[in-house]
1. Please report the net charge: other residues with Cβ closer than 10 Å to the Cβ of Q59, K and R +1, D and E -1.
2. Take H179 and R285, extend 7 Å from each Cα along the Cα→Cβ direction, and tell me the distance between the two endpoints in nm.
3. Given R₀ = 30 Å, what would the calculated FRET efficiency be for R110 paired with A65, taking r from the Cβ atoms and rounding to 0.05?
4. Would you mind checking which residues have amide H under 5 Å from H292's amide H? H placed 1.01 Å from N; only 5 or more apart, or other chain.
5. Please give me the summed charge of the neighbours of V261: other residues whose Cβ is under 9 Å from its Cβ, Lys and Arg +1, Asp and Glu -1.
6. Can you give me the distance in nm between label points at R37 and E233, each placed 7 Å from the Cα along the Cα-to-Cβ direction?
7. Working out 0.36 nm times the residue gap between R120 and E274, then minus their Cα-Cα distance, what length gain in nm do you get to one decimal?
8. Go through segment 56-62 residue by residue and turn each phi into a ³J(HN,Hα) via Karplus (6.51, -1.76, 1.60, θ = phi - 60°); whole Hz please, and just put x for glycine and proline.
Amino acid sequence: MRDDARWQMFHAPMSEQVDENTMTNPHPGKAITPILRQRGAERISIDDTLAVEEPLEIQLGYTHARRGRQRKSISVTMRTPGHDEELATGFLFGESIITTTDQIESVDTRRDNIVTVELRDDVTVRMTRLERNFYTTSSCGVCGKASLEALSLQGAEAVADNDFALPASILCGLGEALHEHQALFRETGGNHATAAFDAGGNILLVREDVGRHNAMDKLIGRLLRDTRVPLRETGLLVSGRASFELMQKALMAGCPLLAAVGAPSSLAVNLAQEYNITLVGFLRRDGFNIFHGAEHIH
């Protein structure tokens, strides 16, 4: 049986959502530490704010046709605490283990650094996907899957009828708009961010994490819970480079445009071309580079 209180919290609208992490710790993503600051010949003792990095184990509960109810650890990722339910949901969606949050029976975050997602009995889990020993880190994302062939096997489809377009002037302003929403980064300087935005350049949602792929999973997990996936009329902005892993997650969410403050990788560009995603890199106030989909930026 599901925990109705936790189910209601997990599926509450964004305006009503209570972040359980803040109930016990108002700032789970940052830590204070004493340091010595050297400037020229002067050295002083001060307190500095750090971005918290801790492991999170994602466990999956599901029903096997022959063996009954099972529970399996499917991922360990180094992340910034906070929005762990969204992170787990986004991860499961990105790996095609779930397609909607209706397939989730409950989510349990009561144990430190462990989140357990219980799927409904009627959800079929592809065992071959679970048998891959997922291990993610804050620097490389999910290892061993960097190929377009893997995406085809995963059921990824090109973004059909991509008509998401916006002026170059609006795109140029997104970097500063994102920075205004990066509260944790302003204090620590140690977090990546992913933002969702509309064609008017309005930032709709931001998630921060020490891992760029975790920030993306948290954001997509939230959007999935709000039934806003596939995105179609929503672009994504990442604070660092555009890696294959981030492009893969954007593709699975049906994102028509991904913009990055940093550079894309060659495989990210290949993915954008293969799956019809507009890709922008080196986003600055005075310009950017278009790697695919120039017709969508005017």
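1. On the way: positive: R71, K72, R111; negative: E57, D108, E118.
Combined, the nearby Lys, Arg, Asp and Glu give 0.
2. Label-label distance for H179 and R285, simple model: 0.7 nm.
3. Details: r = 29 Å, r/R0 = 0.97.
Efficiency for this residue pair is about 0.55.
4. Residues meeting the amide H criterion: L279.
5. On the way: positive: R241, R284; negative: none.
Charge balance near V261 sits at +2.
6. Spacing of the two 7 Å Cα→Cβ label points: 4.6 nm.
7. Values: separation 154, 0.36 × 154 = 55.44 nm, distance 3.42 nm.
Between R120 and E274, full extension yields 52.0 nm more.
8. Taking θ as phi minus 60°, the curve returns 10, 9, 9, 10, 10, x, 7 Hz for segment 56-62.
Here, each number is a calculation from the coordinates, and none is a lab measurement. Because the structure is a prediction, the values reported are computed rather than measured. Backbone-built Cβ (ideal geometry, glycine too); neighbour counts: all protein chains shown.
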